[in-house]
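Worksheet: the structure to be examined is printed underneath.
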Amino acid sequence: MSRDEALARFAQVLASVTGVDPAGVTLQTTFAADLGVDSLAMLDIVVTAEDQFGLLISDDEVPRFRTVGDAVDSIVHAAAIGPV
């Protein structure tokens with residue numbers, strides 16, 4: 001999966017959880033400052049992304065997600081390893 005494809009799909013996840021316009025989501029979009037995502041919303045985002053992409057995101061990685069790009073890179077890496 002390409003980074004662009006992962007971004008487009010992840011933007012849809014963000015739209016479903018936060019109501020943000022997916023067209024405005026970039027790799028530089030920050031979860032806290034730009035989207036107002038708190039820890040509970042982040043859990044919803046992670047679970048929804050895991051379902052959407054058919055993979056597991058390590059609990060150790062989630063605190064490192066500052067930007068959408070951080071999450072997308074994790075998804076692309078996990079997808080390269082293979083589905084759950």
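A few remarks follow.
- Count of segment 26-65 residues which are closer than 16 Å to Ala79 by Cα, of a type in the set (A, V, I, L, M) and over 11 Å from the mean Cα position of the chain (by Cα): 2
- The residues of segment 1-17 that are surrounded by 16 or more Cβ atoms within 10 Å (Cβ to Cβ) and touching a Leu at 6+ places or on another chain (Cβ under 9 Å), listed by number, are Leu7, Leu14.
- Residues being among the β-branched types (Val, Ile, Thr) and either more than 12 Å from the chain's Cα centre (by Cα) or more than 18 Å from Gln12 (Cβ to Cβ) (or both) - total across segment 66-82: 1
- Within segment 33-65, the residues that satisfy the criterion of being assigned to a loop (DSSP other than H, G, I, E, B) and touching a helix residue (DSSP H, G or I) at 6+ places or on another chain (Cβ under 9 Å) are Asp34, Leu35, Gly36, Val37, Gly54, Leu55, Leu56, Ile57, Ser58, Asp59, Glu61, Phe65.
- Hits in segment 18-31 - residues which are surrounded by 13 or more Cβ atoms within 10 Å (Cβ to Cβ) and in a helix (DSSP H, G or I): Thr18, Pro22
- Segment 39-49 - residue that is at pLDDT 95 or above and not hydrophobic (A, V, I, L, M, F, W, C) and, of those, farthest from Val13 (Cα to Cα): Asp44
- Test: Ala78 is surrounded by 16 or more Cβ atoms within 10 Å (Cβ to Cβ), part of a helix (DSSP H, G or I) and at pLDDT 95 or above: no
The values are calculated or read from the model by the stated rules, or taken from the named source; none is laboratory data. Keep in mind the model is a prediction, meaning the values are calculated, not measured. Neighbour counts run over all protein chains shown; Cβ positions are idealised from the backbone, glycine included.
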